[in-house]
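Structure first, commentary second.
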């Protein structure tokens, strides 16, 4: 047996009773670079969640979505506000549609959760008057903030390229600085407009046909999305 193992056909490690080891980047099968990329992405997601939660809390409380008499929160959601606010229907239609199909028991639970969370905060009195509508709107706006951060990261990567750290830093800084823009009045269509406009820029930069249906949705949310047309024309002209 010893002669067989000592033959040239067997590796030296096997001949000495040790199994040959295969070189691998990491015991868990991932290189340090891949592990760093995963950790960076996880940190980015965590910071985006925290930044979005902060930005949303300040959005609904300071100065809130119920300040302007011509576009109170309840009147906006139910289509009773003045022009041009009544024409910006994406969020109101979405909230009303979900409310209609939501079971009565679920609506009661959502209302109870919202009233418990807002408590007696005078800045959120409008949330107590329309708890279900407020809860659904908050979920929608939070999703728009997260979508804005990821769309901005994609846009930064397309425009700036490496190094990668900047495409993670720019969206986080944008979320941190966003409440500084809440100096006048907040409306339910503001954050969706921010997300859809940024995503429209991503589609334009990537020459994606998804821009066209997105443009329709963004215009339903707010007519100022028409400014994306000029960006699209500029990119199309320069691409000739």
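Taken together, the values in this text are just the output of simple stated rules run on the coordinates, not laboratory data. Computed from a predicted model, the values in this text were never measured in an experiment. So basically every Cβ, Gly included, is an ideal-geometry build from the backbone, and we count neighbours across all protein chains shown.
Which FRET efficiency, nearest 0.05, do residue 45 and residue 177 yield, Cβ-Cβ r, R0 25 Å? If you can, show how the numbers build up before the last one.
Values: r = 19 Å, r/R0 = 0.77.
It comes out at approximately 0.85.
Rank the residues 204, 77 as a footprinting-exposure proxy: fewest other Cβ atoms within 10 Å of their Cβ go first. Intermediate values should be presented prior to the final figure.
On the way: 204 21, 77 24.
In order of increasing Cβ crowding within 10 Å: 204, 77.
Which peptide among 133-140, 115-122 comes first, and what is the full order, when sorted by highest mean count of other Cβ atoms within 10 Å?
133-140, 115-122
Taking only DSSP H segments of four or more residues, each worth -39500 (n - 2.57), what value at 222 nm results for the chain once the sum is divided by all its residues, to the nearest 500 deg cm²/dmol?
After summing the helix terms and dividing by residue count, I get -20500 deg cm²/dmol.
Between the range 28-70 and the range 101-128, what's the alpha-carbon centroid distance in Å?
Taking the Cα centre of the range 101-128 as reference, the centre of the range 28-70 is 24 Å away.
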